[in-house]
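Note sheet for the following structure.
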Amino acid sequence: MALAPDKAPWYRRFRMLLGIYALGMLFGGREFLIARSGDQVDPGSNEWSRMAEVIAEINPADADTDFLLAMEALQEGDEARYIEYMETALGKGIKHNNFLLAEYAHHLIRIQAPFENIDVALNTWRENHQLSFEIVSLPLGQGPTSQQDYDAIRREMDAIDWIYEWELQEPAAESPQWVLLLQFEPAKEAVIRDVIEAISILGLPPEVRSRLRVRCTSWVDCQSQAR
């Protein structure tokens, strides 16, 4: 026989509030640690795992729970389970979780998913968190080797109207490749193809860059054409 509401265990009667409180503690603590140390809290840590277990027990149907489980799956190298949890969370119409929306967009960029999938993820994130100062990071296979190269990228990137700001980050010990950092223009729709085409200008000889531009149908299928 089911327990009457007034006899139900306290943690069942208040499971939604507990779930919200636990998530607030988790992400609030994460932000506090990042602010103090500059380091990301490892989703694979014991603390993260224990919190995910508690929240999954208290509020198993919540989209935020799917996000925590997705991050654990990713840390364990189980990409299929990661995608499953993330898409389950997104399928529940989640909008408030900036970390989830940003992480999924970045993951699709990391695995070089189809442009259309990335655009959906980026714009879902942008539309629901227009005041977010999160930065999109795009690892580059090739970076500028001269001022001429940098100027060519600058001309192409400055022409993209949905980008608010951008910056090239040089290779370093913690990131041994060039990385393009950019922020959204809040009122504009993001189109990742624009960025791939802009940075692909480096594949053209310097003497033809003023006459030709790059058009891409995928991450690897790019062709030059007259401007």
message: Being modelled with pLDDT of 70 or more and within 18 Å of Thr124 (Cβ to Cβ) is the requirement here; does Ala80 meet it?
response: no
- request: Report yes if Phe115 is in contact with a strand residue (DSSP E or B) (Cβ under 9 Å, 6 or more places away or on another chain) and either more than 17 Å from Val179 (Cβ to Cβ) or at pLDDT below 80 (or both), otherwise no.
  value: yes
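Rundown of residues vs (1) touching a residue at least 24 places away in the same chain (Cβ under 8 Å); (2) in the same structural domain as Glu185 (by TED's automatic domain parsing), yes/no style:
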residue	(1), (2)
Tyr82	yes, no
Tyr104	no, yes
Leu108	no, yes
Glu116	no, yes
Thr124	yes, yes
Asn128	yes, yes
Asp151	no, yes
Arg154	no, yes
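Got a sec? Which of Ser200, Ser137, Ser218, Ser146 is under 23 Å from His106 (Cβ atoms), surrounded by fewer than 13 Cβ atoms within 10 Å (Cβ to Cβ) and among the hydroxyl-bearing types (Ser, Thr, Tyr)? Before the answer, list the steps.
Numbers: Ser200 fails: surrounded by fewer than 13 Cβ atoms within 10 Å (Cβ to Cβ); Ser137 fails: surrounded by fewer than 13 Cβ atoms within 10 Å (Cβ to Cβ); Ser146 fails: under 23 Å from His106 (Cβ atoms).
Being under 23 Å from His106 (Cβ atoms), surrounded by fewer than 13 Cβ atoms within 10 Å (Cβ to Cβ) and among the hydroxyl-bearing types (Ser, Thr, Tyr) holds for just one of Ser200, Ser137, Ser218, Ser146, which is Ser218.
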query: Condition test on Val179, is it loosely packed, with under 13 Cβ neighbours inside 10 Å and of a type in the set (Val, Ile, Thr)?
result: no
Tally of residues being under 18 Å from Ile199 (Cα atoms) and loosely packed, with under 15 Cβ neighbours inside 10 Å across segment 105-134: 4
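The values are calculated or read from the model by the stated rules, or taken from the named source; none is laboratory data. Keep in mind that what you see is a predicted model, and the values were worked out from it rather than measured. Please note: Cβ atoms are built from the backbone with ideal geometry, for glycine as well, and neighbour counts cover all protein chains shown.
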